[in-house]
Amino acid sequence: MPGSIPSFFIPTATAHKWAFGAIAELLDNAVDEVQNGATFVRVDKIDVVKDNSPALLFQDDGGGMDPEGMRKCMSLGYSTKKANTTIGQYGNGFKTSTMRLGADVIVFSRAIRAGKATQSVGLLSYTFLRRTGQDDVIVPMIDFDISGNWVEPITYGSQDDWTSNLKTILEWSPFASKEDLMLQFEEIGAHGTRIVIYNLWLNDEGIYELSFDDDDEDIRLRDEAAGGKSTKVQQKIQSHISYRMRYSLRAYASILYLRTFTNFKIVLRGKPIQQYHIKDDLKYLEVKTYRPQITTLNEVIVETTIGFIKEAPDLAVTGFNLYHKNRLIRPFWKVTADGSSKGNGVVGILEANFIEPAHDKQDFERSSLFFRLETRLKQMVNEYWKTNCHFVGYQPIGARNLQKDQTFKPSVGVTPKDMHLDQTMAGLSANVLQNDSRTKSSEVVMSADNREPMSVDEICEENIQLFMRCEAQVQKETELRQTIENLEKELEMAKRKSAQLASYLETKRKQKIMKQPTETV
C-alpha cells in the first residue's frame, strides 16, 4: 500500500490488517440484505479495459440503495446505527474495507422506495483526489429516476453540477462512457448493488496482493500461499481448514458464518461456496454451558460444542471458533499453554454475542467478560481432555503416574515376584484406563508414604477455580464499594436537608417570638 496516503485516508485504509477481513466486511453487508430479499452475493475478478488491470467485483440482489442511502454509504465519517439483526452496515465498514483492498471504488445501486425506482452511481477515488490535489474528500455521485418509461437524471443543484459529476466519474472510473455506466445497471437487474474495486494494492514485492491465477475458482493471498517442499505431517496440517483459511478465500468464506443459509449463497468466481460446519467433523462431541454474568441482574446462557477433530491424534490442531451474531470473529483460538500436548485435537464452537468484537471483526475487545470467557474455555479443555483423551490414543496423565509409581516405586518389603505382579497389574490398569470411557484420567494412586499427590490437571483446575473465585470476590467488593459510596452520598444529602430544615424552623421560631406583643409590667 503506498506510503503517501492523505491523512484523511490513513484511518480508513489501514483499519483492516488482513485483506480477507476487508472482504468479509463486504460479505456481511450482502448477508444483511437477506432480510431485503437477497438470494446471492457474487465475488469475482473482472478486467479493467482502460489499462488491462484486475478489479474486484461484489454484487448482490438485495434491496439496493436509494440516493440518500448511497450518500450515507459513500460519505466518510458516517456509520449507520448498530442493530441486533445485522452483522455489518453500509457505514464506515464499507469504506474501510474497500479502501483496504484498492485505491478506488465505484458503486452502482438500484432501489425501489415508496413506489419510486432509482439508480445511483458513486465514486470514492484516492487516485482522483491525489492527482487533482484535493484538500477535501470529494465523492462525485449521480442519480436517475427510472420510475417512468425512460431514465431521468435527478438534479439537486444545477444541471451543470450533475454533468460535472458524470464527467469526473467517466474520467477516473474504469468506464469510459455513459453507455458503459448504464450497462452496469443491466447486470444488476431490478434491484441490488454492484461494487467494483480497482487499482488494487500491491505487496512489498510490487505484485498484486490478491492472486487470481493460482486457482480459477478461488482468490488467494500470495504471501500466505508461498510454499515449497514439505513433509507429510506439514502437508496434513496445510490441508486442514484451520490452515487453508489463511490464504484461500473459498476456505475462509466457507466457515465465516455459523448457521446454514437456506435461500442465499455466496458465489466465488462462478462457483457457489459450500458452507463448512466445523461441528460436523468433530467426534466424541459434548455440549458445555457457560453462564456469564453481564451485570448484577443480567445473566446469559452460552452453549459450547467441543470435540476432537477427525484427524486426531495425527494433527495437533486445537482451539475455539468464536462467532458473534453468526459471524466468525476469532478462528481456532488456542487457550492451552504452548508446548503442552494437553488439548491437542480439541476444537470448540460457540457464539459469543455477550462480548463486543474489535472494529475489524478479527478479534474481541479486551474486557473483563473476555478474560472470564478465556478462563472458562481453559477449564472446558481440561475437563474434556481428562475424560476423553484416551478415545483418540492419548494416554491419560493418571495412567502414566500409575504405571510409573507401581513399576519403579514398589513398597518396602515387596519381593521380586510381587514386583513382577505389580508390573503386570499396572499394565492391565493402564489398558483398562485407556478403554473405559468412564474412567477419570486424573486418578492418582497413593505413594508408599500414604500421601496423595495432586496431578497437573488437578493443580490447573484448582488454580482456575481460585482465579474465578477471586474474580467473583473482586466484583462483589466493587459492588459493595459502590453501594457504600451511594449510601454515603444519600447520608450527606440527608444531613444537609436536616440542617436546612433546622435552620428554617429556627428562623420561623424567631419570627414568631418577634411578632408576639410586649407585656406591660
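The values are calculated or read from the model by the stated rules, or taken from the named source; none is laboratory data. As the structure is a computational prediction, the values presented were derived from the model and not from experiment. Using ideal geometry, Cβ is built from the backbone for each residue, glycine included, and neighbour counts are taken over all protein chains shown. Protein only, heavy atoms only, side chains kept; ligands, DNA and RNA dropped before computing areas. Shrake-Rupley method; radii C 1.70, N 1.55, O 1.52, S 1.80 Å.
Some observations on this one:
- Search result, residues across the range 262-276 that are surrounded by 14 or more Cβ atoms within 10 Å (Cβ to Cβ) and either in contact with a helix residue (DSSP H, G or I) (Cβ under 7 Å, 6 or more places away or on another chain) or assigned to a loop (DSSP other than H, G, I, E, B) (or both): Phe264, Ile266, Leu268, Arg269, Ile273, Gln275, Tyr276
- Here Ile146 meets the list (1) open to solvent by 30 Å² or more (accessible area, probe 1.4 Å); (2) in contact with a helix residue (DSSP H, G or I) (Cβ under 8 Å, 6 or more places away or on another chain); (3) farther than 27 Å from Ile23 by Cα almost entirely, failing just condition (2).
- Inspection of the range 212-227 finds no residue satisfying the criterion of being in contact (Cβ under 8 Å) with a residue 60 or more places away in the chain, of a type outside the set (A, V, I, L, M, F, W, C) and open to solvent by less than 50 Å² (accessible area, probe 1.4 Å).
- Count of the range 38-72 residues which are of a type in the set (D, E, K, R), part of a loop (DSSP other than H, G, I, E, B) and under 25 Å from Ala176 (Cβ atoms): 2
- For Lys310, the requirement of being surrounded by fewer than 20 Cβ atoms within 10 Å (Cβ to Cβ), basic (Lys, Arg) and in contact with a Ser or Thr (Cβ under 8 Å, 6 or more places away or on another chain) is not met.
- Selection from the range 43-71 of residues that are surrounded by fewer than 20 Cβ atoms within 10 Å (Cβ to Cβ) and among the charged types (D, E, K, R): Asp44, Lys45, Asp47, Lys50, Asp51, Glu68, Arg71
- Among the residues making up the range 388-397, those that are open to solvent by 20 Å² or more (accessible area, probe 1.4 Å) and touching a Pro at 6+ places or on another chain (Cβ under 9 Å) are Gly393, Tyr394.
- From the list Asp204, Asp218, the lone residue that is assigned to a loop (DSSP other than H, G, I, E, B), modelled with pLDDT of 95 or more and of a type outside the set (A, V, I, L, M, F, W, C) is Asp218.
- Residue pairs whose Cβ atoms lie under 6 Å apart, separated by 6 or more positions or on different chains, with the first residue in the range 261-286 and within 24 Å of Asp216 (Cα to Cα) and the second in a loop (DSSP other than H, G, I, E, B) and open to solvent by 40 Å² or more (accessible area, probe 1.4 Å), are Phe264/Thr39; Arg269/Glu217; Lys271/Glu217; Gln275/Thr260.
- Residues satisfying the criterion are absent from the range 117-136 (criterion: open to solvent by 10 Å² or more (accessible area, probe 1.4 Å), at pLDDT below 95 and under 27 Å from Gly63 (Cβ atoms)).
- Selection status of Pro331, open to solvent by less than 50 Å² (accessible area, probe 1.4 Å), closer than 30 Å to Leu249 by Cβ and either at pLDDT 95 or above or not β-branched (Val, Ile, Thr) (or both): yes
- Across the range 182-199, the number of residues qualifying as aliphatic (A, V, I, L, M) and surrounded by fewer than 20 Cβ atoms within 10 Å (Cβ to Cβ) comes to 4.
- The range 342-359 - residue that is under 21 Å from Arg259 (Cα atoms) and in a loop (DSSP other than H, G, I, E, B) and, of those, most open to solvent (accessible area, probe 1.4 Å): Glu356
- Residue within the range 243-257 that is touching a residue at least 60 places away in the same chain (Cβ under 8 Å), farther than 21 Å from Lys17 by Cβ and assigned to a loop (DSSP other than H, G, I, E, B) present: no
- Where Tyr284 falls short, out of the listed (1) in contact with a helix residue (DSSP H, G or I) (Cβ under 7 Å, 6 or more places away or on another chain); (2) of a type outside the set (Asp, Glu); (3) at pLDDT below 95; (4) farther than 30 Å from Asp44 by Cα: (3)
- If you filter the range 360-378 down to residues that are closer than 28 Å to Asp314 by Cβ and surrounded by 17 or more Cβ atoms within 10 Å (Cβ to Cβ), you find that the one that is nearest to the chain's Cα centre (by Cα) is Leu377.
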